[in-house]
Amino acid sequence: MPLFCWNTGSIQSVLSHMDTLLADIRQALRQLKRSPGFALAAVGILALGLAANTAVFSVADAVLFRPLDYERPENLVTVSEVIPQLSNLYPRLPVNSFHFLEWQARCRSFSDLALLRDRTLNLTGQDGPPERLGAERVTANLLPMLGVRPALGRNFTPEEDRPGNDREVVLTDSLWRRRFHGDPSIVNKTILLNGTPHLVVGVLPESFRFPRPDMLTALGGSTINIELFKPLALDRSKLDKVGNHNYLAIARLRPGVTREQALAELNTVQTALTKELATPGMDLRADLTILQEQIVSGSRRGLLLLLASIGVVLLIMCVNLGNLMLARATARAREMAVRSALGAGSWRLVRQVLTESLAISLAGGVAGLGLAYVAVRALVATAPIDIPRLDEVHLDPRALLFALGTAVVSGLLFGLIPAWRASRSQPQDALRSGGRSASQSRHGLRVSEILVSAEVALSAALLVAAGLLVGSLIRVLKVDQGFRADNVLTVGLNLPGARYSNDKKRVDFFDRLLPAVQQVPGVRSAGLISVLPLQGDTWVDMITRDDDHRPVAQRPVANYRFVSPEYFTAMEIPIRRGRGFQPADRTRDVVLVSASTAARIWPGQDVIGKRMHRGSDSDPFSEVVGVVADTRANMKKDQPLEVYLPYWKYVESSVSLAIRTAQEPASVASAVRNAIWSIDSEVPVPEMKTMRQLILDSVAERRFQTALLAGFALAALILASLGIYGVISYSVNRRSNEIGIRMALGAQARDVSGMVLRQGMRPVAIGLVVGLAGALALSRLLQALLFEMKATDPWVLAGVVLMLTATAAAACYAPAIRATRVDPSIALRDE
C-alpha cells in the first residue's frame, strides 16, 4: 500500500487556491502601481517605523532578553547581605569575606560559590606607556563556575588562590590584542603589575564578557571595564568577622534547587552567624538575585519604556495608513461594487485589500532592514556605557524575525478596517450615479474619527512620558551638587603597590605631587580626594559621637572621604563654619563634616569642637574643626552624610586629583601629565575628564533615554497632526457639495470654518481624555524613572493638552480655510 495517497480533487483545490492567491498578488501590485505616490509614501513610512522598532528591539533583546553567554545562566545568582537595621539606607550590602567562607562550608543549596573584588592595577613595561587596568580578584573557581575555558592557556589552580601564591593572571581577549598584539606566546610569560612580576597563565575567549563591577552591586562601584583576572587569595586569619562588606559573591544553584529554597537555607546560616558573632543590635540576612536580573536591573525600566514608546509610534503609523487605506477604499467603492456584482464574495474582497496592505508592509519591512542595520549601529555608537551588554548588540536572526513579524502584524493592522469596510459595501449604492451616498460617507468618517482619537490618545500618553522625563532630567542637571564644576579637570591615579606599600610612602608622593601640579601654568589650585562626588557611595562606616553608647547597628552611617586641604578650594566647596585642614593638623586627629552630617548628628548644636569616631569603639576620637557644604555621591539619591579626614592620616593607592584652572581645562592636561611623571614616570595617567563631563556621564543613560523618548514623542505628534489633517481634508472633499449648499443658503465663511474645526477637534478631545487617563494609570511605572517630580505633574499634563490642542487646531486650519472657498454655483450644478 503506498505511503501517501493523493486525491486528484485535493490537488486541484490546492492549485486553484494558489492561482487565486497569485491573482490577488498581481492585482495588488497593479493597484499599487497605479498609485505610486501612495505606495512610496506608505512603504517609506513603514520602513522608517520598522527600522526604529527593530533597532530598539535589538538593544532591548541583547540587554534584557538574551541569556548570558555562560553555562546554564539561569542557575547563576548574586548573593548580597542584608542588615535590617540599615535597610532604610542600604537595602542590600556587598558581602563580608568571612561570612562567605561560612556559606561555603555550611550551605548545600549551591553547587559552587565564588567571591570577587574589583581593583585597578598598573601595567608597566611591555613596550608601551604605563596603563591603569580594571582587574577582578576572584576565587579560583569563578571562571570554571561560569563555564568559561581560556582560548589559550588555563584557568587558576586552587594552589594559586592562596596567600603568597597569587602572582598569576588571566587576560581578556581585548587586552591581549590591544596591548600584547595578539601574541600567543604571552602565555607563561611575566608582566609587571603594580611593579610586581605576574605570570600570564591564560587568555580568555573573544566571546567572553564580564559585567562592570558597578552592575553587580546595589551600592554602585567601579565603572572601569575588567581586563584581567587575578586570584583573590583570602587569608582566613586576617578576615574581619563583622563589617568590611566589600566583596561580591556569585553562586550556582544545584539542579532542582529553587532560589527561594537556597535563600531560606542561607538565611538559616545568617541567623546562626548572628548568634555566634554576638553582634548586639545587628541581625544578618541575605538576598539572592538572578545574575542576569542584577546586571540589567538599572536599565530594564528605561529600555522597556523605549521599546513600548517606539511600538506606540509604529501603531500611530499604522492608524494613519489605515485612514489612507480607508480613503482609497471609498475612492474604489465602484470597483469593489462591480467585483461584488460579478460574484466576488465578502471574503474575496477582504483578501484582496489585505493582500495589498501586506504587500505594502512586506516591502516596508525589506526596506526597513537596511535602515535597521544603520539604526542599530547609530544606537550603539551613541548609547552610554552605563547600558550593560552594549557590545553584544547587533542585527541577528532574532531581530530579523521580529522585523518580519512586526511587518506582517502592521500590514494586518492597517488593512483590517479597510478590508472590513470593503466586505460591507452595497453594490446597488455604489453603482448609482455619482456612487457616493451621504450615509456611506458619514459612516466612513466616523471610523476615521475613531482612528484619529486612537492616535491622539497614544500621542498624548507618549508626550506625557516624554515631558516627565525631560522635566526630570532638567531637575537633575539643575540640582545643587555643592561644588562649582566649571574649569575643573580631574584625573584618577593608582600608585604601584610595590613601591608605595605603606601610608608613609603614599603620603610622601602626594606631598611632592600637589605642589608640582599647582605650579603648572594655568592651574589656580589642586587637591586630592579618595572618591570624587557623583562616583557612588563608598567607604561607608559608622559615625559615633563621644556620648553615643547605642549598639553599633543603631548608629548612623556616613561616606568617609580623605582629602588634601586644597581640595575644597579647587572644587569651590564652601566651608560653612569653622575652618579647613591646616599643616598643623598633621599631629592632631581632626575631621570636617558636611552640613547634613552636622544637622543629623548634633541637631541644634554648635558642632565645632565636638568629638566623634568612625568604625569600632576602639578607634580614636577626632575633633570637628569645620562644616562644609553637602555634595552628592550620585544623582539618584539625596546627599549622604559625609565626613572628611586629612589624607596624611590614611590614603589609599587610588585617588583622584581635582584641578581648578584659569582657562579651558584641556589646555593644561599635557602639563599636568608631565608634572605627575616628573614625580614618578611609572604612574599611569588615564584620560583626564572635566568635572562637567563627570556630571554628564553620571546621567548619561538618563539623557540617552530621554532624548530617544522625546524624539519618539515628537514623531508621534507629527504623525497625529498629519492624521488629523488627512481626515479633515478628506471630510471637506466629501462634503464639498453639502458645504456649497450651506453657503448658497446663506451660511457665512466663519460658520463653515467653525463647523470644520468642531468636526476636527471632536475626536481630538476624546483622544486627549483617553490618553491622559491612560498616562495617569501608568504613572506608577514612570515614577521610578523620575527625579524630584511626580508622574502626575500638572504642568506636564497641561503642557501636553495645550501642545496637542494647538497642533490639532493648526492641522484643521488649512482644510477649514479651503472649505470656505467652495464655489456654491459649482456645488449646485453638480447636484
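The values are calculated or read from the model by the stated rules, or taken from the named source; none is laboratory data. Small disclaimer: the values here were computed from a predicted structure and weren't measured. Positions of Cβ are backbone-derived with ideal geometry, glycine not excepted, and every protein chain shown enters the neighbour counts. Please note that ligands, DNA and RNA were not included when accessible areas were found on the heavy atoms of the full protein model with its side chains. Shrake-Rupley method; radii C 1.70, N 1.55, O 1.52, S 1.80 Å.
Annotations for the structure displayed:
- Test result for Glu642, over 22 Å from Gln518 (Cβ atoms) and out of contact with any helix residue (DSSP H, G or I) (no Cβ under 9 Å at 6 or more places or on another chain): no
- The condition (being outside any loop (DSSP other than H, G, I, E, B), open to solvent by less than 10 Å² (accessible area, probe 1.4 Å), among the hydrophobic types (A, V, I, L, M, F, W, C) and modelled with pLDDT under 85) is satisfied by just one residue among Ala558, Ala553: Ala553.
- Qualifying residue in the stretch 385-396 (condition: touching a Cys at 6+ places or on another chain (Cβ under 8 Å), modelled with pLDDT under 85 and on the phi < 0 side of the Ramachandran plot): no
- The residue that is modelled with the lowest pLDDT, among those in the stretch 781-791 that are assigned to a loop (DSSP other than H, G, I, E, B) and open to solvent by 70 Å² or more (accessible area, probe 1.4 Å), is Glu788.
- Single unsatisfied condition, Arg348 versus (1) touching an Asp or Glu at 6+ places or on another chain (Cβ under 9 Å); (2) of a type in the set (Lys, Arg); (3) at pLDDT 85 or above: (3)
- Taking the criterion of being open to solvent by less than 60 Å² (accessible area, probe 1.4 Å) and at pLDDT below 85, the residues of the stretch 531-541 that qualify are Leu534, Gly536, Asp537, Thr538, Val540, Asp541.
- Taken as a whole, the condition of being in a loop (DSSP other than H, G, I, E, B) and at pLDDT below 90 does not apply to Asp486.
- Applying the criterion of at least 3 residues that are surrounded by 13 or more Cβ atoms within 10 Å (Cβ to Cβ) and among the aliphatic types (A, V, I, L, M) to the strands (runs of 3 or more DSSP E) found wholly in the stretch 570-622 leaves 590-594.
Per-residue answers, yes or no, for (1) modelled with pLDDT of 90 or more; (2) open to solvent by less than 80 Å² (accessible area, probe 1.4 Å); (3) closer than 30 Å to Arg398 by Cα:
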{"position": "Lys33", "(1), (2), (3)": "no, no, no"}
{"position": "Pro36", "(1), (2), (3)": "no, yes, no"}
{"position": "Gly49", "(1), (2), (3)": "no, yes, yes"}
{"position": "Asn88", "(1), (2), (3)": "no, no, no"}
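- The condition of being assigned to a helix (DSSP H, G or I) and β-branched (Val, Ile, Thr) does not hold for Thr279.
- Boolean, Phe98 is at pLDDT below 90 and surrounded by fewer than 22 Cβ atoms within 10 Å (Cβ to Cβ): no
- Residues of the stretch 639-655 satisfying the condition of being open to solvent by less than 20 Å² (accessible area, probe 1.4 Å) and under 20 Å from Asn194 (Cα atoms): Val651, Val655
- Criterion applied to Leu303, Leu284 was being surrounded by 15 or more Cβ atoms within 10 Å (Cβ to Cβ) and modelled with pLDDT of 90 or more, and the one residue passing it is Leu284.
- Selected residue (only one of Val727, Val732, Val672 is of a type in the set (A, V, I, L, M) and either modelled with pLDDT of 80 or more or under 17 Å from Ala658 (Cβ atoms) (or both)): Val672
- Contact annotation: residue pairs with Cβ atoms under 6 Å, 6 or more positions apart or on different chains, pairing a residue in the stretch 786-809 that is farther than 14 Å from Val769 by Cα with a partner that is among the polar types (S, T, N, Q), are Leu786/Ser472; Phe787/Ser472; Met789/Ser472; Ala791/Ser779; Ala791/Gln783; Thr792/Ser779; Thr807/Ser721.
- Subset of the stretch 111-132 (residues that are of a type in the set (Gly, Ala, Ser), open to solvent by 50 Å² or more (accessible area, probe 1.4 Å) and at positive phi): none
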